[in-house]
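This report concerns only the one structure given below.
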Amino acid sequence: MKKKTLLIAAAIVAIALAILGVAAFSIFGPNTKNTKEVQITVPRDATYAQVKDTLRAHDLLQNGKTFDAVVKAMKFKTMRCGHYTISPKMSNFDLVRLLRAGQHYPVKFAFNNARTIDQFVSKVGHHFFFEPEELRTLLSDSTVMAKYGFNAATIPAMFIPNSYEFYYDISAEGFLDKMYSIYQNFWNEKRKAKAQEIGLSPIEVATLASIVEEENFRSDEKPIIAGLYINRLHKGMLLQADPTVKFAIGDFARKRILNSDLQIDSPYNTYKYPGLPPGPIRIPDGSTLDAVLNYTHHDYLFMCAKEDFSGYHNFTASAGQHAQNAARYRAALNKRNIKH
């Protein structure tokens with residue numbers, strides 16, 4: 001009788017161990033149904049059932065019940081959105097661990113030479129998990145812009161062109177928070193003090209820098225052009241900056257500004273309205289912002305593109321000399337039959 005009891009006990013233990021072995025294998029063992037690397041996407045606000053359906057559709061579940069048990073044991077409640085790479089034969093345990101942690105990897109993002117917010121959003125493109133349209137919607141929301149201290153005219157000033165690294169699963173809101181943090185870091189106490197010395201706010205510095213950049217992107221002329229416009233501002237003169245007229249008419253490809261263009265009634269037309277325009281006419285580079293803050297001190301009040309089309313300018317403090325410079329440039333345009 002005792003021997004029979006021992007045999008029964010041994011059989012129960014064996015069965016229990018077998019069950020535990022099967023359970024352990026279904027938790028920790030390789031998924032033999034999945035033999036290749038699979039890419040899946042977990043959308044924002046995806047439910048557990050939806051994620052499980054996606055896994056099942058790609059033969060990624062070793063065992064549905066043990067998967068549920070692992071999820072419960074690991075207290076995995078919130079689905080982390082993002083793109084996931086599932087390795088071949090990944091066990092239920094490894095799969096849950098991956099989905100719980102999220103594939104949180106950094107993405108390099110660089111941008112420059114963006115005039116408009118639309119161009120900026122296009123450059124952001126699909127670098128991150130959020131859709132470009134999400135970012136575009138936020139940047140057209142007055143409440144969102146006001147949160148950072150900007151409006152529709154001034155928001156280009158918030159973005160400092162450079163190379164950055166963000167986690168790819170960052171939200172559109174988180175992306176803007178990061179960009180604002182970068183803006184704040186750029187505008188440190190030293191730069192803000194320099195702006196105050198000139199009599200400009202950081203946004204006004206960005207506005208002037210955007211004009212300087214449209215006049216000439218060459219680094220050696222930027223501080224000179226900045227100094228010229230600062231001289232005009234301090235004297236209460238109209239800026240008479242051609243790039244602002246191009247912005248007002250919506251045509252930066254213009255080679256020649258006509259008298260009729262100067263009549264456009266726009267707050268960006270600096271031939272009609274004094275002071276700086278309402279906001280930047282492009283997203284200025286950090287180097288141009290610094291060129292304004294460290295502008296060249298001189299007495300120039302006038303500038304005109306050189307007639308050799310080198311991209312450089314003739315500078316002068318004399319209205320008479322400027323008229324001669326402008327006449328030579330117009331003659332060069334006529335010679336090349338450039339009418340607009």
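Here are the numbers:
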| quantity | calculated |
| --- | --- |
| Among (1) open to solvent by 60 Å² or more (accessible area, probe 1.4 Å); (2) out of contact with any Lys or Arg (no Cβ under 9 Å at 6 or more places or on another chain); (3) within 19 Å of residue 61 (Cα to Cα); (4) not aromatic (Phe, Trp, Tyr) - the single one residue 90 does not satisfy | (1) |
| Within region 22-64, considering residues that are modelled with pLDDT of 80 or more and among the charged types (D, E, K, R), the one least open to solvent (accessible area, probe 1.4 Å) | 52 |
| Identity of the residue in region 246-268, open to solvent by less than 60 Å² (accessible area, probe 1.4 Å) and of a type in the set (D, E, K, R), that ends up modelled with the highest pLDDT | 246 |
| Residues being at positive phi and modelled with pLDDT of 95 or more - total across region 108-149 | 1 |
| Answer from 306, 272 - the residue that is modelled with pLDDT of 95 or more and of a type in the set (Lys, Arg) | 272 |
| Region 156-176, residues that are acidic (Asp, Glu) and either open to solvent by less than 70 Å² (accessible area, probe 1.4 Å) or over 23 Å from residue 140 (Cα atoms) (or both) | 165, 169 |
| Selected residue (criterion: modelled with the lowest pLDDT) from residues of region 309-336 that are closer than 24 Å to residue 230 by Cα and part of a loop (DSSP other than H, G, I, E, B) | 311 |
| Test: residue in region 205-212 that is open to solvent by 10 Å² or more (accessible area, probe 1.4 Å) and either out of contact with any Cys (no Cβ under 8 Å at 6 or more places or on another chain) or farther than 15 Å from residue 291 by Cα (or both) | no |
| The one condition in (1) small (Gly, Ala, Ser); (2) open to solvent by less than 60 Å² (accessible area, probe 1.4 Å); (3) not in a loop (DSSP other than H, G, I, E, B) that residue 114 fails to fulfil | (3) |
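The values are calculated or read from the model by the stated rules, or taken from the named source; none is laboratory data. The structure presented is a predicted model; accordingly, all values stated were derived computationally and were not measured. Counting neighbours? That spans all protein chains shown, and the Cβs are built from the backbone with ideal geometry, glycine included. Heads up: the accessible areas ignore ligands, DNA and RNA and are worked out on the full protein's heavy atoms, side chains in. Shrake-Rupley method; radii C 1.70, N 1.55, O 1.52, S 1.80 Å.
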